[in-house]
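S.K.: Pasting in a structure now, in structure tokens, and then I'll have a few things to ask.
The values are calculated or read from the model by the stated rules, or taken from the named source; none is laboratory data. What you see is a predicted model; the values in this text were computed from it and never measured. Don't worry about glycine lacking a Cβ; one is built from the backbone with ideal geometry, like all the others, and counts go over all protein chains shown.
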Amino acid sequence: MENIILIIHLILSLGLIGVVLIQRSEGGGLGIGGGGGGSMSGRPGISPLGKVTWLLGIAFVITSISLTVISAQNSSGGSVLDSDNLLPPAAEESPTPPPADDLLPPSSGDAPLTPPNADQ
């Protein structure tokens, strides 16, 4: 059942993308400055393509919610982090610390020698 709803959901999403791309831009983003429509509100009547967009949008939301409900019912009820096979097994031995002399700064005896013709 989940696969059928998922296929319908994907078809609806592709249809919604196509219908939105086909529509004519009305300019004026966010509904500002619409053209002269036939009503007193200044908004034009909804076109058939707009009605299809609404229908596809409502169907998309319904399939999204139904997929969420089905997924919640199929879950085991536990957290993903609760399962034992996700974490690697803990190491039984702690790593050995590095030798203490590796952490010290170099001594003056370890300084590089200057080349013999560096004075020139």
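S.K.: Give me the pairs, please: first residue somewhere in segment 1-22 and among the hydroxyl-bearing types (Ser, Thr, Tyr), second residue anywhere and modelled with pLDDT of 95 or more, beta-carbon distance under 7 Å, and either six or more positions apart or on two chains.
M.R.: Once the first residue is among the hydroxyl-bearing types (Ser, Thr, Tyr) and sits in segment 1-22, its partners that are modelled with pLDDT of 95 or more give 13/60.
S.K.: Out of all the residues in segment 1-48, which are at pLDDT below 90, among the aliphatic types (A, V, I, L, M) and more than 30 Å from residue 72 (Cα to Cα)?
M.R.: 30, 32, 40, 46
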